[in-house]
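Note sheet for the following structure.
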Amino acid sequence: MTESPDEDYRRAAVDLLGAIAYGELSAFERLVEDAKMAPGIDDKIAIGAMATAEFAHLQKLVERLEQLGADPYEAMQAFRDSFDGFHAHTAPSDYYEGLIKAYVGDGLAADFYREIAAYLDAETREVIISSLEDSGQTAFIVERVRAGIAEDHRLGGRLALWGRRLMGEALTQAQRVAGDRDSLTALLAGGVDRPGLDLAALGRMFTRLTELHAARMAELGLEA
């Protein structure tokens, strides 16, 4: 392990890894619950495969936290209330809303964390990027949602509204995660030997996040 001489930077890396790790744990738990609403065994298996992939990602993040000399459970605990509150406010009311949340909500969170990971060392960045990769199972979400809309066009309007709500809640959650931790705020601001985000760059980042969200919604056949 190559230790960073900058303790503030190490704290930021630990905080970001802790946030993503708890996000993966939350996603795992949520997908297990979503599988209970699935109409058929094939869907239950597909959702279960997604949950399994999330748990595998979690294990890699825990390993990296340990390599940085951190207690992974303590690092994750710091974000528990924030994430649990977000999921309580965005609990899906049916199977389709659960699919949208898994695809759009988690996708937006992943985009945000990729943006921040650009300011980390190569090894930590690689662990984060690999933990956020789509393992391929989400392709069935697009198929299921499009099929559902084809059967009931009213479903499209309802899910479009749900997607917009998720967008707003997820952006608020992302800003809260970054703003509540001084280490992450400092990481984004940069330093003498590290680049950071000025207001213009921050604006461009959120523009990119919005554009990627719109692309995901379009792939599902929904208006952003």
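The values are calculated or read from the model by the stated rules, or taken from the named source; none is laboratory data. All figures in this text were calculated on a predicted structure; none of them were measured in a lab. All Cβ positions, glycine included, derive from the backbone under ideal geometry; neighbour counts span all protein chains shown. Heads up: the accessible areas ignore ligands, DNA and RNA and are worked out on the full protein's heavy atoms, side chains in. Shrake-Rupley method; radii C 1.70, N 1.55, O 1.52, S 1.80 Å.
See the values below:
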{"item": "Single residue of Tyr73, Tyr96 found to be open to solvent by 20 Å² or more (accessible area, probe 1.4 Å), in a helix (DSSP H, G or I) and either under 25 Å from Gln175 (Cα atoms) or among the basic types (Lys, Arg) (or both)", "result": "Tyr73"}
{"item": "Contacts under 6 angstrom Cβ, first residue in the range 99-119 being of a type in the set (Val, Ile, Thr), partner open to solvent by 10 Å² or more (accessible area, probe 1.4 Å), 6 or more apart", "result": "Ile100/Trp162; Val104/Arg216"}
{"item": "Selection status of Tyr103, out of contact with any strand residue (DSSP E or B) (no Cβ under 8 Å at 6 or more places or on another chain) and of a type outside the set (A, V, I, L, M)", "result": "yes"}
{"item": "Residue, modelled with the lowest pLDDT, within the range 147-182, restricted to residues that are open to solvent by 20 Å² or more (accessible area, probe 1.4 Å) and among the polar types (S, T, N, Q)", "result": "Gln175"}
{"item": "Enumeration of residues in the range 5-63 that are of a type in the set (Asp, Glu) and open to solvent by 20 Å² or more (accessible area, probe 1.4 Å)", "result": "Asp6, Glu7, Asp8, Glu29, Glu33, Asp42, Glu54, Glu63"}
{"item": "Conditions (1) out of contact with any Asp or Glu (no Cβ under 9 Å at 6 or more places or on another chain); (2) β-branched (Val, Ile, Thr); (3) open to solvent by 20 Å² or more (accessible area, probe 1.4 Å); (4) closer than 18 Å to Ser183 by Cβ: number failed by Ile129", "result": "(4)"}
{"item": "Test: Glu29 is in a helix (DSSP H, G or I), within 18 Å of Glu97 (Cα to Cα) and not aliphatic (A, V, I, L, M)", "result": "yes"}
{"item": "Residue in the range 6-15 that is at pLDDT 90 or above, assigned to a helix (DSSP H, G or I) and hydrophobic (A, V, I, L, M, F, W, C) present", "result": "yes"}
{"item": "One residue from Asp106, Asp134 being crowded, with 20+ Cβ neighbours inside 10 Å and under 15 Å from the mean Cα position of the chain (by Cα)", "result": "Asp106"}
{"item": "Residue check for Ala150: part of a helix (DSSP H, G or I), among the aliphatic types (A, V, I, L, M) and more than 19 Å from Ala56 (Cβ to Cβ)", "result": "yes"}
